[in-house]
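Please read the structure below before turning to the comments.
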Amino acid sequence: MKKPGKTVEIIPFVMGSCGTWDPQNDSFMRNLCSRSYLKLFQKLCVSDTLRWSRDLFIEHVTGVRQYDPAAFPTYDFKYRPEEQEEADPLAPQRPTVNQQVSEVSSD
C-alpha cells in the first residue's frame, strides 16, 4: 500500500563478473556518499568481485574449495553451501586390504 508523500525507487547496482564497474552506479552513489568514499568503494567492490571470480574459477578447474567458511564473521554461512564429494570414476582406485593380502599370499 502506497502512503502519501513516500516514494520508492529501485536502482540496480551493476558489477561485471570480471570486476567492471558500471559508470551509471556513480550517479546513484553520489547521493549516498562523498566522492572520495565513492572512489574507495569502487576499488573495494572491484577487488571483492575479482577475488570471488578467481576463487570460483580455481575451484571449478581444480575441484578444491578456495575459501574457508570459518573465516567469515557469521556462523550461518549459506551463500555457498558445502558440496557433496562424488567419487571420480576415472581416478585410480587403491586396492582394499583384502585384495592386497590375497595377492601376497597367492605368490
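Structure values in brief
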{"read-out": "Residue match in segment 80-101 (condition: part of a helix (DSSP H, G or I) and either within 28 Å of the chain's Cα centre (by Cα) or at pLDDT 85 or above (or both))", "value": "no"}
{"read-out": "Matching residues, segment 1-19, being in contact (Cβ under 8 Å) with a residue 12 or more places away in the chain and assigned to a loop (DSSP other than H, G, I, E, B)", "value": "11, 13, 16, 17, 18, 19"}
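The values are calculated or read from the model by the stated rules, or taken from the named source; none is laboratory data. Here the structure is a predicted model, which means the values were calculated and not measured. We place every Cβ from the backbone using ideal geometry, glycine too, and count neighbours over all the protein chains shown.
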